[in-house]
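A short reminder: the numbers here are calculations on the coordinates, not readings from a lab. Not measured: the values here are computed from a predicted model. Cβ placement follows ideal geometry from the backbone for every residue including glycine, while neighbour counts extend to all protein chains displayed.
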There are 2 protein chains.
Amino acid sequence: MGYRILTIEDIPKFLGSLEEMRNIFSDFNCLEVVEVGDGNLNYVYLIKNSKNPQETVVLKQAVPYLRVVGESWPLKRERMTIEIMALQKEIELCPEHVPEVYYGSHEMSLVIMENLSSHKVLRGEIIQGKIFRNFAEHITTFMAEVLFKTSDLYLDHQTKKEMVSKYINYDLCKITEDFVFTTPYEKHETNVYNQELTEEDLNFIQQDRDLKIAVAEMKYKFMNNAESLLHGDLHIGSIMVNENETYVIDPEFSFYGPMGFDVGAVIGNLLMSYFSHEYRQKLLGREPYVYRKWLLDTIESVWIKFAEKFETLWIEEQLSNPQLAWNYPEGEQHFKVLRESFIARLFSDTVGFAACKMMRRILGLAKVADIAEIEDLQERARIERMTLKLGKIMVIERDSIKDIGEVLNLAKELSPLV
Amino acid sequence: MGYRILTIEDIPKFLGSLEEMRNIFSDFNCLEVVEVGDGNLNYVYLIKNSKNPQETVVLKQAVPYLRVVGESWPLKRERMTIEIMALQKEIELCPEHVPEVYYGSHEMSLVIMENLSSHKVLRGEIIQGKIFRNFAEHITTFMAEVLFKTSDLYLDHQTKKEMVSKYINYDLCKITEDFVFTTPYEKHETNVYNQELTEEDLNFIQQDRDLKIAVAEMKYKFMNNAESLLHGDLHIGSIMVNENETYVIDPEFSFYGPMGFDVGAVIGNLLMSYFSHEYRQKLLGREPYVYRKWLLDTIESVWIKFAEKFETLWIEEQLSNPQLAWNYPEGEQHFKVLRESFIARLFSDTVGFAACKMMRRILGLAKVADIAEIEDLQERARIERMTLKLGKIMVIERDSIKDIGEVLNLAKELSPLV
């Protein structure tokens, strides 16, 4: 079976041909197929048995170009190979927060998985001002499990190195290298600016010495530090939630990179949500305090719970697999200081990467709806400026910002929590 | 032709069968074959046409075990594949300091190369107190060319990532991870200590909090920072010299790692030579000042020339391939500050790795002859203690040591240059 692009018409027959679908569908004659992807990179279909709508799957297929642009922007469909492998590894490490995969085909560049029919994309829910009390708990479990257990702190030397090689992701890393770490910080033709931003606003980022150096350092770290298997695109549009559950989807950007890039993606996106809700809560006719307080509390919990869980996994690993290095009277205490030092460095990375993820969403090609869909362009620009200011401070000062509370204080200085 | 271990008797016939040897040898009937390897890992043979001794090559073959131990210590012979690929890449980037390769066979795990018959191993020459005025110039050209031109500062994103994958070196990285970064710092059974060292001397390293943390951080960096194609074992036993020329040999430990590991290997080894010659020069019946001054000057030059050449290559690359990022009035000045910041970080890595390379040669399994062959065990212990003290300060203080002069001052405090 060679590669071919499936169509809505093809899909029922294709599913019927798969052994793996016989446990899912009782009948292949009444399948309803609807295309649902946001359509940037891939085709995504929702499939239901119309006679029994609980029989349902999602099918995602990669095409050999950037779908949103078309065949003129080739993008190897082998990205789906990475996505399938990353899903499988994430399921192995943290099944409660990853959709079940029923079938994956590298040849067809497609994956068939659980339809999260009672869940919605977190970004959309946050834009509408919904609160998810378990989100920080869930996402930190996911990140701690995957980041710790794919690192040298847990894997043996050979397995880790094999993983680094297996998950090399040329094309999608290149997209991040360009659109997160390069073009937003220069006068690049692909950038898209709110017309209310002035040349001064742009140069505040694009021609500032300390910022340019800090971003170059973060880019170099992104390209060189093969610490853990990252999701690689862990913004709040890659997370699906309901009141009780949280799922991480779309790991096509997965590769071995610096842990702080994933943690920073979550935190950076929530900081933008915080700024956006200075305006959005009023638009929703609410007093902004409660919702924005939840956002800040969530950001704080994301860092604190992640750090705690990560450290707990490390302690457990040392208990079950004691290293001779710490086998002396004060060794346990020294090992504790090592963990603290490691996590402090990881915090610095997290702050730096969060900052890059924020600034690029204002000046680069790809926006976040939280901010970019604010119709009042002056209000939007006001929020964009605070995002840029916070991003700039965070990336430059990442090594001296001592804790997540300090990040939140900076955010509150720019946009008071009232 | 499958893999088989060549013997002295086999070699003439084997060479005669190779097309590539017909340009080298006019006659295969009078080949003299002598085994010359130091015998740790591989078999190394020197082959000469006895009728015309200028017709000569070196043949190096890997066996599927650690030769010094025997078949009980398996070591995949695929390390030769890495060595051949690394030699080829080094020759491409810096032919003047790498022996010519005439023939390489991954299948036979062997390489046939230039016989550096008028050159000697630098360590032996330094032990005998010989001066090489061009050494710093040469080795820094080699390191700057290879480290810069295999990094993301020079290569495109895809080539770099392909190289990372291609040069993954499971077995030999594991040896470094264990014997440079782990066992010397714990009570490990493989360690070998000068009996004159006390428990206090050992615990000064093996149970010191800040040192243990610093070494763990360097190990993590070694395992995770895939910056450049390293030689991976660039001590002064991997360098051959005469008065005019310098050659780097034996890159079987080659892999993508942190640049500072190679630069630190050279500097750490020369620092040990400096300490050893406090004793050795007297043994040679000389006043120690002149030779030890040359060693310190060489260490200083190694860092300064390396940093200059590395920066020059970076400037040249920016001139021939200008990045839009720096295209604004102050951009050139900002780019300069980035380079300085990058090189300062590389200096910190260099100091930290040099320190690990020093301490492990005192407490670990593998020694350096400079120190370990000092027969007076009390004198040896005195020199070992200074090495440990300097290593400890260097690795702990690596981020605050401001320049190479400060490293030399520390060395002179421990062992005055008189």
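Looking only at GluC sites (Glu not before Pro) in DSSP loops with at most 16 other Cβ atoms within 10 Å, what is the longest site-free stretch of chain B?
After excluding every exposed loop site, the longest remaining stretch is B:246-329.
Only counting other Cβ atoms within 10 Å, I'd like A:His157, A:His334 sorted with the fewest neighbours first.
Final ranking by Cβ density, sparse to dense: A:His157, A:His334.
What dipole magnitude, in Debye to the nearest 20, does the stretch B:143-294 give about its Cα centre under +1 on Lys/Arg Cβ and -1 on Asp/Glu Cβ?
280
Specify the inter-centroid distance of the stretch B:392-418 and the stretch A:109-145, based on alpha-carbon positions, in whole Å.
Taking the Cα centre of the stretch A:109-145 as reference, the centre of the stretch B:392-418 is 52 Å away.
Which order do B:Arg361, A:Arg22 fall in if you start with the one that has the fewest other Cβ atoms within 10 Å?
Neighbour counts put them in this order, fewest first: A:Arg22, B:Arg361.
Quick one: Cα centre-to-centre distance for the stretch A:294-318 and the stretch A:205-223, in angstrom?
27
222 nm [θ] for chain B, helices only, -39500 (n - 2.57) per DSSP H run of 4+, per residue, to 500?
-16500 deg cm²/dmol
Just want the ordering: B:Ile267, A:Ile205, from fewest to most Cβ atoms lying within 10 Å of their own Cβ.
A:Ile205, B:Ile267
Which whole-number percent gives the relative contact order of the stretch A:209-349, counting Cα pairs below 8 Å spaced six or more residues apart?
The normalised contact order for the stretch A:209-349 reaches 21 percent.
As a test of understanding, state the convex hull volume per residue of the stretch B:365-413 from its alpha carbons, in Å³.
Spelled out: Cα convex hull of the stretch B:365-413, divided by residues, is 92 Å³.
Under the rule a/c < 1.5 gives rounded, and otherwise a/b versus b/c splits prolate from oblate, where does the stretch B:120-414 land using the Cα gyration tensor?
Verdict is prolate for the stretch B:120-414.
Past 23 Å, Cα to Cα: identify those pairs from A:Lys149/A:Lys309; A:Lys336/B:Lys392; B:Lys76/B:Lys160; B:Lys89/B:Lys309, in the order given.
Listed pairs above 23 Å: B:Lys76/B:Lys160.
Suppose R0 equals 30 Å; then what is the FRET efficiency for B:Glu406 and B:Gln128 from their Cβ-Cβ distance, rounded to the nearest 0.05?
For R0 = 30 Å, the calculated efficiency reads 0.50.
Between the alpha-carbon centers of the stretch B:261-279 and the stretch B:40-99, tell me the distance in whole angstrom.
One Cα centre to the other: 25 Å.
Restricting attention to the alpha-carbon atoms of the stretch B:61-205, what are Rg (one decimal) and Dmax (integer), both in Å?
19.0, 53
Taking only C-alpha pairs under 8 Å that are 6+ residues apart, what is the relative contact order of the stretch A:171-235 in percent?
36
P(r) for the stretch A:271-418, please, calculated from all Cα pair distances in 5 Å bins and given in %.
So the P(r) values, bin by bin, are 2, 9, 16, 18, 15, 12, 9, 7, 5, 4, 2, 1, 0.
Over all distinct alpha-carbon pairs, what is the Kirkwood Rh of the stretch A:332-406 in angstrom?
In the stretch A:332-406 this quantity evaluates to 13.9 Å.
Only Lys, Arg, Asp and Glu count, each charged at its Cβ (+1, +1, -1, -1), so figure out the dipole size of the stretch B:53-104 about its Cα centre, rounded to 20 debye.
340
With the crude spin-label approximation of a point 7 Å out along Cα→Cβ, what separation in nm comes out for A:Gln88 versus A:Lys166?
Simple spin-label model gives 0.7 nm for this pair.
Given the options A:Leu284, A:Leu46, A:Leu408, state which has the largest fluctuation in a GNM of chain A using a 10 Å cut-off (strictly under) for Cα springs.
Largest GNM mean-square fluctuation: A:Leu284.
Residue farthest toward the positive end of the dipole of the stretch B:120-414, with Cβ of Lys/Arg at +1 and Asp/Glu at -1: which of B:Phe255, B:Leu388, B:Ile401?
Toward the positive end, the furthest listed residue is B:Leu388.
Place a +1 charge on the Cβ of each Lys and Arg in the protein assembly as shown and a -1 charge on the Cβ of each Asp and Glu, then give the dipole magnitude about the Cα centre in debye, rounded to the nearest 20.
That gives a dipole near 460 debye.
Choose one of B:Leu66, B:Asn115, B:Pro12: the residue whose Cα lies farthest towards the positive end of the charge dipole of the stretch B:10-123 (beta-carbon charges +1 Lys, Arg; -1 Asp, Glu; about the Cα centre).
Final value for the positive-end residue is B:Leu66.
DSSP loop (so not H, G, I, E, B), at most 16 other Cβ within 10 Å: list which trypsin sites (Lys or Arg not before Pro) in the stretch B:29-83 pass both filters.
B:Lys51, B:Lys76
Determine the relative contact order of chain A: mean sequence separation of Cα pairs under 8 Å and six or more apart, normalised by residue count, in whole percent.
For chain A, the relative contact order is 17 percent.
Calculate the FRET efficiency for B:Leu417 and B:Glu35 from the Cβ-Cβ distance with a Förster distance of 56 Å, rounded to the nearest 0.05.
0.85
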